[in-house]
1. Which of (1) in contact (Cβ under 8 Å) with a residue 60 or more places away in the chain; (2) within 23 Å of residue 260 (Cα to Cα) is the odd one out, the single condition residue 81 does not satisfy?
2. For region 93-116, which residues satisfy the criterion of being farther than 18 Å from residue 45 by Cβ and touching a strand residue (DSSP E or B) at 6+ places or on another chain (Cβ under 9 Å)?
3. Does residue 90 satisfy the condition of being touching a strand residue (DSSP E or B) at 6+ places or on another chain (Cβ under 9 Å), surrounded by fewer than 21 Cβ atoms within 10 Å (Cβ to Cβ) and under 18 Å from residue 31 (Cα atoms)?
4. Is at least one residue of region 18-35 surrounded by fewer than 19 Cβ atoms within 10 Å (Cβ to Cβ), touching a strand residue (DSSP E or B) at 6+ places or on another chain (Cβ under 8 Å) and outside any loop (DSSP other than H, G, I, E, B)?
5. What do you reckon, is residue 230 modelled with pLDDT of 95 or more and under 17 Å from residue 188 (Cα atoms)?
6. Do the conditions hold for residue 155, that is, is it within 17 Å of the chain's Cα centre (by Cα), over 23 Å from residue 46 (Cα atoms), surrounded by fewer than 16 Cβ atoms within 10 Å (Cβ to Cβ) and modelled with pLDDT of 95 or more?
7. Restricting the first residue to region 149-176 and requiring it to be on the phi > 0 side of the Ramachandran plot and part of a helix (DSSP H, G or I), which pairs with a second residue that is at pLDDT below 95 and crowded, with 17+ Cβ neighbours inside 10 Å meet a Cβ separation below 7 Å and a spacing of at least six or different chains?
8. Scan region 256-283 residue by residue and report those that are buried (at least 18 other Cβ atoms within 10 Å of the Cβ) and more than 21 Å from the chain's Cα centre (by Cα).
């Protein structure tokens, strides 16, 4: 799917379900959407290519092969510049709106102060997105129409896996620009985020680290990306709900200037699918409670 304009985005997301689910692992790509509403484009002051800098371009395609392995993949179809699903539902910047935001809005988070709330104020190098302020009604409508249905569906997926297997493992899939992610002077190819070992079993992060390193990737954990709202709020290991974030260096698989797949795309895609299979095997072997395994 290439980036495009549309009058409406209906549906706003899709869930690629296998014919038969083969394990408790599921994948989520909340920032790879690339259908831009025309009404949104009429509001912005930036050109199309600049807006696209916030996309996790092609990440959904990198993981799409997991469906053939019997594992679900959920993905947003609208872009992150329009609405960010990896934020609290009402993480909003009052400077962006005409009128008073509801009292329950979180207007003082670090992300809001940086212009990167649920509805972003800036993209790229702090470039202002909008020509004018939005009405409060416009902002709340986006949350009701896009954000809430998405998270309701994602929670249903997690619940379905948990009921079927006694455990659910969410892999939140993202990409990062090729420059900034470094740890001890080494450029990172992959950053794994588990909220500093709080959002998932250490077995999950260890396996991902080992498998990706064995395939030649430079892997770091939690720096500079420890996981956002999704990892933090969907991960509850004590209850059998695990969430881990994976950030892939875009320079490995795409031309970041022209938003095109690069020569390395096929290799990264194959590696992600192979690692997904190993993760699902681990989940079935080590994470599924014995009582659930015995009932299968």
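The values are calculated or read from the model by the stated rules, or taken from the named source; none is laboratory data. Computed from a predicted model, the values in this text were never measured in an experiment. As a convention, Cβ positions derive from the backbone with ideal geometry for all residues, glycine included, and neighbour counts pool all protein chains shown.
1. Of (1) in contact (Cβ under 8 Å) with a residue 60 or more places away in the chain; (2) within 23 Å of residue 260 (Cα to Cα), only one is false for residue 81: (1).
2. Listed by number, the residues that qualify are 99, 105, 106, 107, 109, 111, 112, 114.
3. Numbers: touching a strand residue (DSSP E or B) at 6+ places or on another chain (Cβ under 9 Å): yes; surrounded by fewer than 21 Cβ atoms within 10 Å (Cβ to Cβ): yes; under 18 Å from residue 31 (Cα atoms): yes.
In short, yes.
4. No, the conditions are met nowhere in region 18-35.
5. Numbers: modelled with pLDDT of 95 or more: yes; under 17 Å from residue 188 (Cα atoms): no.
Here the answer is no, as residue 230 does not meet what is asked.
6. Criteria met by residue 155.
7. Here the result reads none, with nothing in region 149-176 linked to a residue that is at pLDDT below 95 and crowded, with 17+ Cβ neighbours inside 10 Å.
8. Passing the criteria: only 282.
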